[in-house]
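The values are calculated or read from the model by the stated rules, or taken from the named source; none is laboratory data. Because the structure is predicted, anything quoted here is derived from the model rather than measured. Quick reminder, even Gly has a Cβ in these numbers, built from the backbone with ideal geometry, and neighbours come from all protein chains shown. What goes into the accessible areas is simple: the full protein's heavy atoms, side chains included, and nothing from ligands, DNA or RNA. Shrake-Rupley method; radii C 1.70, N 1.55, O 1.52, S 1.80 Å.
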Amino acid sequence: MHIPQNLLDGSICPMTAVVSGLCLAGAALAAHRSAEKPHPLRFAAITAFIFAAQMMNFPISGGTSGHLLGGVLASALLGVPFGVLALALVVAIQALAFADGGLIVLGANVLNMAVLGAGLGGLLRLELLKRLPAGGSRVWIATGLASWVSVMLAALACAIELALAGVLPLEQVVPAMLGVHALIGVGEALITCVALALFKQPATVGAVSASRGFAVPALAALLIALCLSPFASPLPDGLEAVMAHYQVLHEAAPLFVTPLADYQVAGIASEGLSTALAGLIGVALTFLTAWALALPLTRARAA
């Protein structure tokens, strides 16, 4: 659901950038004050997994594909403030290193996927956990429903931004975006529940628990990047499909050139190998950046 470079213009870009910046500052403050903080390596591993998982587009009906947004997953595994920061970091790295989304629209993409997807989606999951009847299925119902809603919230926000920018009328873009992302949201819910079952923090304590807490998602991220990403669906995602249907999707020159644009390594002829290497670089870059970001936020716990 990354809005392409230059699809939005006018005041909507600086407005969304300011709103996103304020929300990220609030998330960082909340993370700093949080009583429960993830280990820096776990934060890095979960963030890297979400980066890798977003490379894996899955086909849905009508020649369209979707991919995991991962907002509710990040908030469920890391806590809501850290989940927002994790998604924002993924979106920023995608824009800066892979020309996915672009700098001009970075504020809107962070708002849609991090602030709304991880923030409101994560808070909705917590509220559902309080209100649903106790039982073994409560966690999965809350997680699945919040995941689906988070995709719909991001799609609705994206549609409103496109309408405000004059790309498409509101009465056209809203039903089109919500219609296609209702199916993508089902995939989001299923993937989130499976990943939560695999990556939830072990009940045991000690070195073995800490190791498993980051090793499993880190290995999963590497597996996806190296072995699975070359087989991702080439079909356009939900936003691209809607824009192509109304013939408003256009290529724009990037503000700068990156050798990893479109998740390909420049100079490598094999597309599959190029994608795998770009994914590996992205996972490593995301992991290291997330780890460096988490260190000062989690160090305050011991102060």
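Quick look at the values:
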| item | result |
| --- | --- |
| Positive-end residue of 273, 149, 216, charge dipole of the chain with Cβ unit charges | 216 |
| DSSP loop GluC sites (Glu not before Pro) with at most 12 other Cβ within 10 Å excluded, longest remaining stretch of the chain | 37-250 |
| Label-to-label distance, nm, for residues given as residue 201 and residue 103 (7 Å Cα→Cβ offset) | 3.7 |
| Segment residue 186-residue 215, length gained on full extension (0.36 nm per residue, minus Cα span) | 7.7 nm |
| Unit Cα scatterers, Debye sum, the chain: log10 I(q)/I(0) for q = 0.11, 0.16 Å⁻¹ | -0.62, -1.38 |
| Hypothetical label at residue 6: residues of segment 81-100 whose amide nitrogen lies under 17 Å (7 Å Cα-Cβ projection) | 99-100 |
| Nearest 10 degrees, 0 to 90: helix 80-98 Cα axis against the chain principal axis | 40 |
| Net dipole in debye of segment 114-191 [+1 Lys, Arg Cβ; -1 Asp, Glu Cβ; about Cα centre; nearest 20] | 380 |
| Angle in degrees between helix 121-131 and the longest Cα principal axis of the chain, rounded to the nearest 10 | 50 |
| Length added when fully stretched, residue 140-residue 262, from 0.36 nm per residue minus Cα-Cα | 40.5 nm |
| Helix 138-164 axis, angle to the chain major axis (alpha carbon atoms, nearest 10°) | 30 |
| Residue 237 long-range amide H proximity, modeled H, under 5 Å | 65 |
| Computed lengthening from residue 178 to residue 36, 0.36 nm per intervening residue step minus Cα-Cα distance | 47.6 nm |
| Average accessible surface area per residue within the chain, 1.4 Å rolling probe, Å² | 44 |
